[in-house]
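Shown next, in structure tokens, is the structure this report addresses.
The values are calculated or read from the model by the stated rules, or taken from the named source; none is laboratory data. The structure presented is a predicted model; accordingly, all values stated were derived computationally and were not measured. All Cβ positions, glycine included, derive from the backbone under ideal geometry; neighbour counts span all protein chains shown.
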Amino acid sequence: MTDEPPLRRRAAENRAGDAPHHSPSAAPEPVDAVPEPTGGEPVPLTAPRDGTPLPVATEAELAEVVARFAAGTGPVALDAERASGYRYSQRAYLVQLRRAGAGTALIDPLPLPDLSTLDAAIADVEWVLHAASQDLPCLAEVGLRPRRLFDTELAARLAGFERVGLAALTEQLLGFTLEKHHSAADWSSRPLPESWLTYAALDVEMLTDLRDALDGELARQGKSAWAAEEFAALVRNGARPPRVRAEPWRRTSGIHRVRGARAQARVRSLWYARDQIAARRDAAPGRVLPDSAIVAAAELDPGDEKTLLTLPGFGGRSVRRLARTWLAALDDARQLPEDALPVTPAVEGPPPPHRWAERDPVAAGRLARCREVVVRIAGAHTLPPENLITPDSVRRLAWTPPDEVTEDAVAETLRGFGAREWQIALLANDLTAALAPPTP
């Protein structure tokens with residue numbers, strides 16, 4: 001009789017059914033299982049149980065992977081690696097998959113930008129991802145769109161885990177430690193080092209085992225139906241591209257220090273000049289010109305190259321080569337007529353909460369009571385409050401409650417904000433009471 005915890009024991013049983021492979025075209029072969037945790041100490045997981053596969057880079061290799069995964073069994077674990085800190089785009093530069101009976105595959109989407117044949121092969125299968133909202137848009141770009149989904153990070157949040165990173169959950173529930181030192185690597189570089197490929201393969205190595213452990217925990221807590229609603233919402237919304245902001249330059253780090261409309265115009269002009277260069281180069285904007293440099297130039301407004309290059313952030317060779325571009329952007333801002341300068345944007349929705357007491361004390365009271373309801377109910381169900389209901393939904397409800405404050409009206413308002421039915425069932429009654437004026 002083993003003394004392993006049941007979650008680890010079930011994971012070990014699941015792993016026994018996985019079949020290996022060693023290259024894009026090799027058929028699965030039986031190998032020894034992953035070393036089992038003993039004595040409660042986590043075991044470092046430093047290499048995939050089947051070896052590190054080579055990236056699939058040709059149509060023939062992709063066809064073999066498609067056939068293998070179509071013949072596999074159970075859920076498919078997926079992950080994608082981007083190069084957010086290095087590239088302008090958020091595209092996937094490596095796609096990882098694992099399925100019982102199919103082993104692990106690493107796919108290079110640069111030579112294979114259309115993975116719709118793989119999508120069709122696993123269309124009816126549950127896909128398992130960690131923090132799915134981060135990867136679904138870039139997976140959709142290569143033709144991969146789940147119909148059923150299990151998000152291990154979201155499941156862990158719903159189950160009340162404090163640490164929900166992949167490495168933390170794998171260690172806590174399965175007894176294996178994962179290294180995450182390549183998470184911020186430049187995945188657009190080629191060739192990819194073997195150590196990076198090993199890291200990428202390990203990201204899906206234990207994912208279905210983790211899914212089974214979390215699924216059992218959600219069932220034990222009576223939250224399986226909640227998770228199913230959340231996963232369905234991810235499938236509906238997760239592949240949508242991020243909302244394009246009307247004035248993205250206003251998110252420049254440090255812009256709060258820039259005073260005056262003319263100085264704000266300098267930030268705007270420099271931001272768009274940088275954005276055009278970054279898009280053309282497919283480089284992360286911060287690598288073209290740091291936000292701190294934009295803010296420094298907007299504050300000082302240098303009129304010549306010598307002064308510009310003395311500012312923080314303008315010392316690098318590639319930045320200096322673009323000095324005329326930056327000076328031209330600053331000059332454009334100087335030439336703007338007064339009526340073309342930035343104006344304070346109209347605030348969508350309610351004002352910042354710290355202004356409520358001043359602008360509408362009654363609404364401030366409603367917000368305080370609604371927040372208390374959310375915190376209390378979230379605590380009773382071991383949930384993060386933001387996973388019970390979005391803070392923005394609470395603010396909008398408290399600032400502009402329904403004309404007639406009834407439970408049905410509150411439920412319909414929350415539904416309009418995108419709340420799921422399980423959230424509405426937990427909150428509508430108590431939020432209705434919180435919206436009512438306090439009894440004298």
> Hey, among L336, L322, which residue is more than 20 Å from E247 (Cβ to Cβ) and either β-branched (V, I, T) or crowded, with 16+ Cβ neighbours inside 10 Å (or both)?
Replying inline: L322
> Which of the residues belonging to segment 231-243 are surrounded by fewer than 20 Cβ atoms within 10 Å (Cβ to Cβ) and either closer than 17 Å to T382 by Cβ or at pLDDT 95 or above (or both)?
Replying inline: A232, A233, L234, V235
> Quick check, is A409 among the small types (G, A, S) and within 29 Å of the chain's Cα centre (by Cα)?
Replying inline: no
>> Among the listed residues E407, E421, identify the single one that is over 17 Å from P350 (Cβ atoms) and touching a Ser or Thr at 6+ places or on another chain (Cβ under 6 Å).
In response: E407
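Quick grid of which residues meet (1) of a type in the set (K, R); (2) modelled with pLDDT under 95; (3) surrounded by fewer than 23 Cβ atoms within 10 Å (Cβ to Cβ); (4) not assigned by TED's automatic domain parsing to the domain that holds L210:
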residue	(1), (2), (3), (4)
R99	yes, no, no, no
A102	no, no, no, no
L115	no, no, no, no
A131	no, no, yes, no
Q134	no, yes, yes, no
R147	yes, no, yes, no
D151	no, no, no, no
> Can you tell me which residue in segment 346-361 is farthest from the chain's Cα centre (by Cα), limited to those that are of a type in the set (A, V, I, L, M) and outside the structural domain of L431 (by TED's automatic domain parsing)?
Replying inline: A346
>> Here is a check on your reading of the model: is A364 touching a helix residue (DSSP H, G or I) at 6+ places or on another chain (Cβ under 8 Å), part of a helix (DSSP H, G or I), over 30 Å from Y272 (Cα atoms) and not assigned by TED's automatic domain parsing to the domain that holds A297?
In response: yes
>> Residue under question is E230, and the condition is that it be acidic (D, E), in contact with an Asp or Glu (Cβ under 8 Å, 6 or more places away or on another chain) and assigned to a helix (DSSP H, G or I); does it hold?
In response: yes
> in contact with a helix residue (DSSP H, G or I) (Cβ under 8 Å, 6 or more places away or on another chain), among the hydrophobic types (A, V, I, L, M, F, W, C) and assigned to a helix (DSSP H, G or I) - does that describe any residue in segment 237-244?
Replying inline: no
> If you take the residues in segment 384-431 that are among the basic types (K, R) and in a helix (DSSP H, G or I), which one is farthest from V373 (Cα to Cα)?
Replying inline: R415
>> Looking for something within 17 Å of the chain's Cα centre (by Cα) and either part of a loop (DSSP other than H, G, I, E, B) or touching a residue at least 40 places away in the same chain (Cβ under 8 Å) (or both) - is there at least one such residue anywhere in segment 67-78?
In response: yes
> Got a sec? Which helices (runs of 4 or more DSSP H) wholly within segment 258-330 have at least 2 residues that are without any contact (Cβ under 8 Å) to a residue 24 or more places away in the chain, basic (K, R) and farther than 16 Å from P248 by Cβ?
Replying inline: 317-321
> Here are L197, L178: which of them is modelled with pLDDT of 95 or more and of a type in the set (A, V, I, L, M)?
Replying inline: L197
>> Only one of A185, A167 is assigned to a loop (DSSP other than H, G, I, E, B) and buried (at least 16 other Cβ atoms within 10 Å of the Cβ). Can you tell me which?
In response: A185
>> Quick check on segment 302-320: of everything there that is at pLDDT 95 or above and of a type in the set (D, E, K, R), which residue is farthest from D275 (Cα to Cα)?
In response: K306
> Just for segment 415-440: of the residues that are touching a residue at least 12 places away in the same chain (Cβ under 8 Å) and within 24 Å of the chain's Cα centre (by Cα), which one is surrounded by the most Cβ atoms within 10 Å (Cβ to Cβ)?
Replying inline: Q423
> Out of all the residues in segment 22-66, which are among the hydrophobic types (A, V, I, L, M, F, W, C), farther than 17 Å from Y199 by Cα and at pLDDT 70 or above?
Replying inline: A57, A60, L62, A63, V65, V66
